[in-house]
Each structure stands twice: as structure tokens, then as C-alpha cells.
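The values are calculated or read from the model by the stated rules, or taken from the named source; none is laboratory data. Just so we're clear, the structure is a prediction, and the values are computed from it rather than from any experiment. Reconstructed Cβ throughout: ideal geometry from the backbone, glycine too, with neighbour counts over all protein chains shown. For accessibility, only protein heavy atoms count, side chains too; no ligands or nucleic acids. Shrake-Rupley method; radii C 1.70, N 1.55, O 1.52, S 1.80 Å.
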Amino acid sequence: MFALGEIMAKAALAVLETALRAKKLDRTLTTALPSLERTDAAALAPTGISALDTCLRGGLPRGQLSEMAGPCSSGRTTLLLTLVAAATQRGEIAAVVDTSDRLDVASVIAAQTDVERLLWVRGDAAGSIDRAIDRALKALNLVLQAGGFGVVALDLADVPLLALKRIPFTTWMRVQRIVEGSDTACLLVVPEPLARSAGGVTLMLAGKTG
């Protein structure tokens, strides 16, 4: 049974990589897969990429803190925009806390996002990085506490790792407590794995090596 499950997982990853290449996201993706027991579709937020949703067995778990990690040009922004667009197309409200104020509006529209259902919290690019992180974390907490969002993403992808590692781990525990039991799928977009809840998933994106 274990061997069969392993074969199925490898097959799902192969399908996923083919789909990402077709979307010009020629990257390598690995993921900490959710439990096989997870079958409630309402407890998941589909990403908008069918092969990825198959690999995740439905999408990102709601009521959990997940993360998407990868270096620059690994496809992380494209996947984020696809996820946000998919949420708004389902009639949900999505939010992006843009720590470094680098979200490209044209790309958001090109992804077919219903902008009337998107909350964009712009970061403070002019101040210090620690101040920008602090403001972004406060904004994330306010958005999660407000409720009513299908997907909430905190974009820390362009923040230096040294600054990210100064964030106390208890910060992410507080975030998980806020989102727990809600219908919100909370996502961190980071350069490398930083934090996730026990029920969340980690998506790893890596640039082409050759």
C-alpha cells in the first residue's frame, strides 16, 4: 500500500510539472502533501491550477497557515496571482498584504482577477525593512480578525532572509490561532520555508537548474 501511494504521488508530481511547463512556469515544485484522509472539498481553497490541486488533494486547507517558498523567478508571483484570481472568480474575497509594495496591477488584471473582490494592502517601501515587516504583520492580523476572506496572502518574498529570521516564531503561532476554525486559507509567500501550521502545506518552488 505504501509503494502504491508513493507511485501515485510521483505520478501526480509528473502531471503537475507538465502543467506548469505548459503555463510557462518551467520550475520544479515539491510539496508537503496534506493527509489522505482530507476529503471535504469545502475545507479547501483550490489554487486554480488543476494539476496542482490534484497534488494537494483539493487545494490549500482553510483555517490553516500554509506557505509558498522559492527564490526570485521561481514562479511564486504567478502562482500567487492565479490563486487570488481563482478565489475571486469563485465569488470569494481575497486579500494580499504586499510588504514591499511590488504588486503589479497589470499582472493582477491579466490573471483575470475580479478586482472588486480583492483587498490590496500596500506596504511601506520607503521606510526601514523592519518597519515594513511590522506594518505588514499588523495588517495581516487586522485582515484575519475582520474575517470574511477566502484567501489571505502575506507577501514576504522580497524581504531579506536575515530580516525574516528576526520575526519571533510566536508571531506565526498567533496568526494560526486567529485563522484556526475559519474559512480562510492563509498563505505566506517567502524566499524559503519559514512557518506553517501543522495542518497547513508547504509549496516549494525552485528555479531551473540547467
Note on S73: of the conditions (1) open to solvent by 40 Å² or more (accessible area, probe 1.4 Å); (2) touching a residue at least 24 places away in the same chain (Cβ under 8 Å); (3) part of a helix (DSSP H, G or I), unmet is (3)
Just need a number here: residues in the stretch 38-56 that are open to solvent by 50 Å² or more (accessible area, probe 1.4 Å), under 18 Å from G150 (Cβ atoms) and assigned to a loop (DSSP other than H, G, I, E, B).
-> 2
Taking T113 as meeting all but one of (1) assigned to a loop (DSSP other than H, G, I, E, B); (2) β-branched (V, I, T); (3) within 18 Å of P71 (Cβ to Cβ), write down the number of the exception.
-> (3)
Within the set of pairs 6+ apart or on separate chains, which have a first residue in the stretch 144-161 that is more than 11 Å from D183 (Cβ to Cβ), a second that is outside any loop (DSSP other than H, G, I, E, B) and open to solvent by 30 Å² or more (accessible area, probe 1.4 Å), and C-beta atoms under 7 Å apart?
-> L144/I178; Q145/I178; V159/I129; P160/I129
E92 vs (1) surrounded by fewer than 18 Cβ atoms within 10 Å (Cβ to Cβ); (2) in a loop (DSSP other than H, G, I, E, B); (3) of a type in the set (D, E, K, R): all pass except (1)
For the stretch 130-160, name all the residues that are open to solvent by 60 Å² or more (accessible area, probe 1.4 Å) and part of a helix (DSSP H, G or I).
-> D130, R131, D134, R135, K138, L142, Q145, A146
